[in-house]
Structure formats: structure tokens, C-alpha cells
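Structure, as C-alpha cells:
The values are calculated or read from the model by the stated rules, or taken from the named source; none is laboratory data. Being a predicted model, the structure only gives us computed values, none of them experimental. Note: ideal-geometry Cβ built from the backbone for every residue, glycine included; neighbour counts use all protein chains shown.
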Amino acid sequence: MRRNVLALVILAASTSVQGAEVVEGDHGYEFRERFTWSGSHAATLGAGGTTVWWDERAWDVRGDSAYIAVTPIDASISNRFHIDIHKALSGDPRDARLDNNDAVVGGDGSDGVGVMHLDYQDILDARLRNPLLIAPQSPARVRFYASSFNTTGHWWELSLTPADRVIAGEYTGVPGQGDAGLLEPWPDSTNRQPGPGHSPAEDSINLVMFGASDVPCTTGWQVRAAVTRSVAGVTQQFVNSASTLDDLMPSDPALAETLVHWEVEFRTDGVILRSDPEEDGTFELVEQWAVSIPWNEVHLHLLGVAYQADHHPQEPCFLGHMRELRWRDLRAWPVKYAATDVFPKNVGAQQIPTETGWRAYDLRDIQRFGAPINGVPQPNQAEYSVAHSGAWCNDPGYPCFDNDASVNLTLPVPPLAGHDIAHARFVHDGRSAEGSNARATLRIGGGVVGQLATPASVPGAETQAWVRSALSIPSSAIAANNAVQLQLDPGFYIDRMEVELAYSSQAASDLLFADGFEHGATLEPLRSLRATAAGKKLPTVRFGEPAGSDSHCSGP
């Protein structure tokens, strides 16, 4: 009976009109995301429809701000991205088609699709604020719908980073250049597939779902999966061998808008990828890797990656420089907290962080900008520039030309009924002048909390790029109304600040080891192997005509 009552308490406190919620399951707390088309307004599209943001309480969303990721390439490639939720054309989670014709500010509560819009070269990141838990006898699992159609020019990844700090997804083990490229699966091959990743990578475990061939019109379309493990600046690759392309999972452009139900199991000694192509509740082994995961609490990142999509894959199978990755119904368990939230955040069409000095540019969307449409603001007023100086900066030179040595902000934090604050952190984007280790000191209510990490501590980051980071705050320091002060070192720039909160339930102070979490069945050690995919079935259901060069990419 206690379990049933507790579940109702959690649902009442954390159910969102956007579909993100935390519920109690057999293994503790479970996070669920339906990507409902409802919530704070994101953008008005060129076709007249509207989108909403991914639930800010649950997701920390952003795009890579490296020079090549945000700078127009030529007159035809604007190189702009966005991450938001579009209205779905149907309620079937396998259907990734969008309905971009309805103009409803805030959505109408119908089914939606989480969209990562990529242009030329990007790494887009959605970090789940609620950490996943991994124990020797109790793995973490993530189930979600995503496409099996990935190429050498665009693909999705799942990344884990240690939850004791905040690491931006673009600095995880995404395939990069040279030795950071992903080894091909052929025995004794030293060839590598490149990507936009930054080296050296931050601590992370990345499951990479890659296109297998850059000339698919000659070889056929296939995808392959692999795992990268980056710890203390050293990246290892776990790539199972294959004899021929026929050993890999087949794909096809016609599947671009048909999603597959995937399951990823993260264990202390390995990663297992499964799929349920028949949608009968049976997840079949795709691949597994014997890789050690050294952290018991991790942040889950959903990543959308594009690599020089102006020519990958090569002609005559070129698909255009704009691609989209689409996500539907996601479950992740066990997570640590009963709920999460963030302040300040957007409310409806009101951009509270921008209006109150906590943010100057919203890196969730650099594609749609300009004057309000029908009185409703676009995500940003102007085009993004690498010279963007942030919300506050202390630097007499370019591009700041200002002296914000001390910044004073206010932050109301309303209580969450039935919950206590279990953890708090100050999350922000930082940048320091070239050659500088500049950072800032944070005070709340007059008391010193500590110093923010210098962006220069991330060796893979460019000087002009924004680095996501965080500083833990004692829960006792958070009041109903908070005076927040930052003292900026000379040469420090800051933007996209927020206070991220995690909550425990007053109805159950600790569910981390409740009813089975510590009593999982004994797990056999993993072996590196490949499940031959030649005989595997992919979904045969179609939701319209096969995708052409740009038919699976929605524009503004």
C-alpha cells in the first residue's frame, strides 16, 4: 500500500503538461519523457506552426558553439541549429513525421516529437538533470524511439558523464579527427571514420550509432554501433569486428521517419544495445561491449551529431546539408531523485532568464531569430556571432569592451509541495580571454559558495566557445528569495546561468535501494561480440513516401 500511495504523491508533484515525469517503479525512481507538444513557447516556424522547448525542469539543452558549428559556410549554408518539440503527425511512437502547420503558442497537449535540427556540422546535447544510478547488480536502462537511419554525415549518440559535475555533451567522446576518428570494424583495419568531436575528450562513455559507408549508393546503406570510453584524457574505442558490410544492420533513407524502439543497458562491466523491431515487447540483442563504467551516478546525454553534411555521404547519395534527428517516448531508470527543476526558466512565451539578466543568448536555437511574430518572441533577437559577449563580462578588450566586475542578481525559488531540496548547483556557460584562467566567485545571500571552474580547464574547448560547467551549492543556502552575486575575474565572460535543483520526496526519504534495486539477479561477465545483423528485421511500417534528398529535413 505504501508503494501505491507514494507513486500518487510523486506523480502529483512532478507530472508535467509536457509529459516529463518521475514515477516509482520496481527499481526505484523511473524517468519518463513523452515529448508532449505542450509547454513554454520556443519558436514560430516559417510555415506558421509553433514549437515548444524540451521540459526545462528535466533537460539541460544546448548546442556546440565551436567556430565551425555556428559560422555560416557560404551563401547557401547558414549553419544554424535548434532543439525543440514539434507537433507529431500521429500518436504512433514509431512515426517521426511532423505537423508544422498548427500555430498554438505553448502547444495543445497532443503528441510531439523531440527534434534536433542539424546544419552542416553540429553537436547538440540534451542532458538529463536527474542522474542515472549504476550498481554492480543493478544496471541502468534507457528505452527510447530513434531512427535506424544514420549516415557518415549525421547520427545519434547516448553519452554518460559522471554526475558529480556538469560536462557539456560536445566535449564527450564524440568521434573527432585523426586518431580521435572511430576505427572501422574490419579486422586489422587502421582506417577511422571522422567526426566533429573535440580532443581530448572529457570523462564519458559514448554509444555511437554511425553510418557505416560514405558511398552507400555503391555499397548499400548500413549502420554500425560502437562505444568510446574517455577517462582522465585517455579515450579507448570498443569496436566489434565484422567481416563484410552484410554483417552490419541494414538501413535505408526510406526509414528516416520510421523510428525503432531501442534499449541500452549500462552495466558496471559493459554496455548492451537491443532493439524491438516488431514492437512486441521483446528486445533482441544488437551488440554488446565489455567496457568498464567507473561511475555509480551518471548524467545521461542524448546527442545529435552532424559532420560536414555538405558532402557526407558522398554523391550521388548526398542528402543535403540539413538533417534532423527525432526522438519519441523515452524511459530511463533508476534515477536518483523524485524530481528536478531549474530557476529561472521560461514561462509560457515569457523569456524570464533573458529579462532578468541570467541569459543573453539562448543556445537551444540559433536558427530562428528576429522580431516577435504575432507578438510572440522568437528564441533570440539577432543572429548568433562567435563574438557574442554573453550576459556579463569583465574585459576591456574585444569582444566585451565592458567591466562587469561584480554582478548582482535575484532568484525566487518557490517550494515544491511534498519535496525537500536534496542537491543544488549553479550551472552556467563560461568563457575566458585567450591565455587566461579567469573565472568567477559565487556568493548567495552574502555567503561565499566557491569559485566557478575556469573554462580553460577543458582542454578540448576553443577560446571563443562557451563551456558548460557547474558549482555545487549547499541545499541550506537556497531560500525562497535569493540574492546572487558574482565577482568576475578580469577576462571572464558568463551566460546562460541557472540554479538546478534536485528533490527528494518527503513521503520516502530514500528509494535508491527500495524493493529490488540492490537485489538484481547475478550478471554474467560480458564478452565483446557482434550479433550478426544480416537476418535482423527492421520495421516494415511506412508513414508516407520514401525520403528524398531533403524530405526528412524540416526547415524553419
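Just a few scattered comments:
- Test: residue in the stretch 74-83 that is on the phi < 0 side of the Ramachandran plot and outside any loop (DSSP other than H, G, I, E, B): yes
- Residue match in the stretch 276-292 (condition: under 24 Å from V61 (Cβ atoms) and either of a type in the set (K, R) or at pLDDT 95 or above (or both)): no
- Members of the stretch 116-169 found to be polar (S, T, N, Q) and not in a loop (DSSP other than H, G, I, E, B), listed by number: S138, S147, S159, T161
- Residues located in the stretch 56-99, provided they are of a type in the set (D, E) and closer than 22 Å to A461 by Cβ: D60, D64
- Among the residues examined, G450 does not qualify as touching a residue at least 60 places away in the same chain (Cβ under 8 Å) and either part of a strand (DSSP E or B) or buried (at least 17 other Cβ atoms within 10 Å of the Cβ) (or both).
Okay, residues lined up against (1) touching a residue at least 24 places away in the same chain (Cβ under 8 Å); (2) touching a Pro at 6+ places or on another chain (Cβ under 7 Å); (3) buried (at least 24 other Cβ atoms within 10 Å of the Cβ):
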{"residue": "T172", "(1), (2), (3)": "yes, no, yes"}
{"residue": "Q177", "(1), (2), (3)": "no, yes, no"}
{"residue": "L183", "(1), (2), (3)": "yes, no, no"}
{"residue": "W186", "(1), (2), (3)": "yes, no, no"}
{"residue": "G195", "(1), (2), (3)": "yes, yes, yes"}
{"residue": "S204", "(1), (2), (3)": "yes, no, yes"}
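- Contacts under 8 angstrom Cβ, first residue in the stretch 222-237 being surrounded by fewer than 18 Cβ atoms within 10 Å (Cβ to Cβ), partner assigned to a strand (DSSP E or B), 6 or more apart: Q236/T228; Q236/R229; Q236/S230
- Test for D102: is it among the charged types (D, E, K, R) and either outside the structural domain of H41 (by TED's automatic domain parsing) or not in a strand (DSSP E or B) (or both): yes
- Per the conditions (1) modelled with pLDDT under 95; (2) within 20 Å of Q351 (Cα to Cα); (3) not basic (K, R), the sole criterion not satisfied by W392 is (1).
Yes/no per residue for (1) in contact (Cβ under 8 Å) with a residue 12 or more places away in the chain; (2) within 17 Å of A483 (Cα to Cα); (3) surrounded by fewer than 16 Cβ atoms within 10 Å (Cβ to Cβ):
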{"site": "Y361", "(1), (2), (3)": "yes, no, no"}
{"site": "P372", "(1), (2), (3)": "no, no, yes"}
{"site": "P379", "(1), (2), (3)": "yes, no, no"}
{"site": "E383", "(1), (2), (3)": "yes, no, yes"}
{"site": "D395", "(1), (2), (3)": "yes, no, no"}
{"site": "N403", "(1), (2), (3)": "no, no, yes"}
{"site": "T410", "(1), (2), (3)": "yes, yes, yes"}
{"site": "P414", "(1), (2), (3)": "yes, yes, yes"}
